[in-house]
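Below you'll find the structure, written out as structure tokens, and then a few comments.
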Amino acid sequence: MSDLNKYIEGNESGYRIRVLTAIAVIELFAIAIFNLWPVSKSTSSGQQIDFSEDAIALEDVVRTEQQNSPPPPPKPQVPIPEPTDEVIEEDPIVLDDLNVSEYSDSLSVEMIGSEGDADEPVSSPQVAPQVIHIVEPTVPDAAKKADIKAEIWVNFLVDTEGKVEEASITEIVLYDQESGEKRKVDRINYGLTEATLTAALQWRFRPARNNGKPVKAYSRQIFTYGF
């Protein structure tokens, strides 16, 4: 038994030596791997990093915000027709069976008279003169500065060719600048009467007709200023 115990003790001591030797070899191998493994250079903790370029780049960035929906396109502009002084000519309507005196107003009733000869105007023709060409008066600068608002009524004497033979002012209505109330006056300044008559003489009409023939007749028109 003593020999067996010695043999066992000898084997155990040899096993321990081998285990310790293996552990030492493994440790040496791990140390060698750790020392020989390549390590990248890192920035030391004491070294300061310059972020000035990054800061400048961030300041130059423009912030943009996306809209929820694009704005609607602008509405197309509607062309505004330019006014013209030319009046579209229409064929006159001859009212042979109409008694004009029954439908005339107080002013035309006062002018009713005989037909007269070819050189005399007909006060109430069957077909009244019809405007075919209008000339607007040139408003004097003084009237523009004064901001005058007025109505000037003109009586035209139209010959058989439609030209204005005579023009006269029959009524002047002046509007108050503050209240807007109107009143009739005998005269008006700032050269408006002269400008009115100058333009009136350039108007053209389709001549009045009576019994199917052109005749002289009167036509009453209104000129407005400041409206």
Query raised in the report: If the limit is 32 Å between Cα atoms, which of LYS144/LYS213; LYS145/LYS216; LYS184/LYS216 go over it?
Result: LYS144/LYS213; LYS145/LYS216
Requested in this report: Pop the C-beta distance of VAL185 and ASP119 into the FRET formula with R0 = 35 Å and round what comes out to the nearest 0.05.
Outcome: 0.50
Report task. For segment 115-227, state the average projected area of the convex hull of the C-alpha atoms over all orientations, rounded to one decimal in nm². Result -> 7.5 nm²
Requested in this report: Report, as a whole number in µm² per second, the diffusion coefficient that Stokes-Einstein gives for segment 183-223 at 37 °C and 0.692 mPa s using the Kirkwood radius over alpha carbon pairs.
Outcome: 255 µm²/s
Report task. Subtracting the Cα-Cα distance from 0.36 nm times the residue separation, let me have the gained length for GLU194 to ALA30 in nm, one decimal. Result -> 46.9 nm
Query raised in the report: Quick one: net charge of LEU201's neighbours, Cβ under 10 Å, K/R +1, D/E -1?
Result: -1
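Each reported figure results from applying straightforward, stated rules to the coordinates on display, with no laboratory input. From a predicted model like this one, the values you see are computed outputs, not experimental measurements. Cβ coordinates were reconstructed from backbone atoms using ideal geometry, including for glycine residues, and neighbour counts include every protein chain displayed.
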